[in-house]
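Here the structure is laid out as structure tokens; the discussion comes afterwards.
The values are calculated or read from the model by the stated rules, or taken from the named source; none is laboratory data. These numbers come from a predicted model, not from an experiment. Note: ideal-geometry Cβ built from the backbone for every residue, glycine included; neighbour counts use all protein chains shown. For the accessible areas, the whole protein counts, side chains as well, though only heavy atoms, and no ligand, DNA or RNA atoms are used. Shrake-Rupley method; radii C 1.70, N 1.55, O 1.52, S 1.80 Å.
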Amino acid sequence: MTQETRGERIAKWLGRTGVASRRDAERMIEEGRVKLNNQPVTHPATFVTSDDIVQVDGKIVDHPQRTRLWRYHKPDGLVTTHKDPEGRPTVFASLPEGMPRVISVGRLDLNSEGLLLLTNDGELARRLELPNNGWLRRYRVRVFGVVDEARLASLANGSVFDGVRYGPIEAGLDSRKGDNAWLTVSLREGKNREIRKVMMGLNLHVSRLIRTSYGPFQLGTLQRGELEEVPGKILREQMPRAPEKTAGKKAR
């Protein structure tokens, strides 16, 4: 049986539709929210072909479209989630009408702004988030407090604050005016609110945080709330390679 006739694993298929990441799709399956040809799906390795009908929460899911990626200038005051239990405005509700269902590549918290990548393909989102891509994420950060440039530079060796170990962070002072300063901060793999917590460990309060790049993709001249699709040719050129699989024996 060929791959075409066998189809594609349903969790991966759902990821490519933009309904959810593969991990979230597997959780949906466990919760009994997914049906294939009107039968409950009980295992994420179930296969889907072009003739099948898939439903999530009773709604038919369209078959995956071509993979697309957008650069979005997220304003502060929006949460990066489809539904917020506190009723706060969301990134996805702010997008223009006619946009397909998309998910974000990583997140920016409520008070952060700048470049947020959006895609209709959950598999692509997963690949772009993988730490082993080594992609640098760069930020402009405004802080309040006295900047100790030596301590700032020492973050490149990793750091520990409040018992939490953080990986290497490249941070440098750009300008200073009174008790306010602008920093450029770069990291390759970040924990939740990492920059804010690390700066707090240096007795600095972050008053503004703007992501200016994510790997090869730049915020550029995008205005707040503006959205621009990445051309397919550029997306294909910048895509990280899928990890190689070794068969039979471990690579030496």
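In the stretch 23-42, of all residues being in a loop (DSSP other than H, G, I, E, B) and either in contact with a Ser or Thr (Cβ under 6 Å, 6 or more places away or on another chain) or of a type outside the set (D, E, K, R) (or both), the one that is most open to solvent (accessible area, probe 1.4 Å) corresponds to 42.
Residues that are under 10 Å from the mean Cα position of the chain (by Cα) and open to solvent by 20 Å² or more (accessible area, probe 1.4 Å) within the stretch 108-142 comprise 126, 127, 129, 130, listed in sequence order.
Residue 105 meets the conditions (1) under 27 Å from residue 236 (Cα atoms); (2) touching a residue at least 12 places away in the same chain (Cβ under 8 Å); (3) open to solvent by 80 Å² or more (accessible area, probe 1.4 Å) in every case but one. The failed one is (3). If you filter the stretch 87-98 down to residues that are open to solvent by 20 Å² or more (accessible area, probe 1.4 Å), part of a loop (DSSP other than H, G, I, E, B) and free of Cβ contacts under 8 Å to residues at least 60 places away in the same chain, you find that the one that is farthest from residue 69 (Cα to Cα) is 87. Taking the stretch 179-191 as the range and being exposed (fewer than 14 other Cβ atoms within 10 Å of the Cβ) and either part of a strand (DSSP E or B) or modelled with pLDDT under 90 (or both) as the test, only 191 passes. If you check residue 141 against the conditions, is it under 30 Å from residue 8 (Cβ atoms), in contact with a strand residue (DSSP E or B) (Cβ under 8 Å, 6 or more places away or on another chain) and not hydroxyl-bearing (Ser, Thr, Tyr)? For residue 141, the condition - under 30 Å from residue 8 (Cβ atoms), in contact with a strand residue (DSSP E or B) (Cβ under 8 Å, 6 or more places away or on another chain) and not hydroxyl-bearing (Ser, Thr, Tyr) - is not met. Per the listing 215, 158, the residue uniquely over 30 Å from residue 236 (Cβ atoms) and in contact with a strand residue (DSSP E or B) (Cβ under 8 Å, 6 or more places away or on another chain) is 158.
Here the condition is being over 22 Å from residue 108 (Cα atoms), in contact with a helix residue (DSSP H, G or I) (Cβ under 8 Å, 6 or more places away or on another chain) and open to solvent by less than 90 Å² (accessible area, probe 1.4 Å); of 20, 11, it holds for 11 alone. Pairs are defined by a Cβ separation below 9 Å, a sequence spacing of at least 6 or placement on different chains, a first member in the stretch 150-178 that is open to solvent by less than 70 Å² (accessible area, probe 1.4 Å) and assigned to a loop (DSSP other than H, G, I, E, B), and a second member that is modelled with pLDDT of 90 or more and among the aromatic types (Phe, Trp, Tyr); the pairs so defined are 158/166. Hey, can you tell me all the residues within the stretch 196-211 that are among the β-branched types (Val, Ile, Thr) and either more than 16 Å from residue 108 (Cα to Cα) or open to solvent by 40 Å² or more (accessible area, probe 1.4 Å) (or both)? Listed by number, the list holds a single entry, 198.
If you go through the stretch 62-72 and keep only what is modelled with pLDDT of 95 or more and open to solvent by 20 Å² or more (accessible area, probe 1.4 Å), you end up with just 71. Among residues that are charged (D, E, K, R) and open to solvent by less than 80 Å² (accessible area, probe 1.4 Å), residue 84 is included.
The residue list 112, 104 contains one member that is at pLDDT 90 or above, within 15 Å of residue 15 (Cα to Cα) and either hydrophobic (A, V, I, L, M, F, W, C) or touching a strand residue (DSSP E or B) at 6+ places or on another chain (Cβ under 9 Å) (or both), which is 104. Scanning the stretch 101-118 for residues that are of a type in the set (A, V, I, L, M, F, W, C), farther than 17 Å from residue 223 by Cβ and assigned to a loop (DSSP other than H, G, I, E, B) yields 102, 110.
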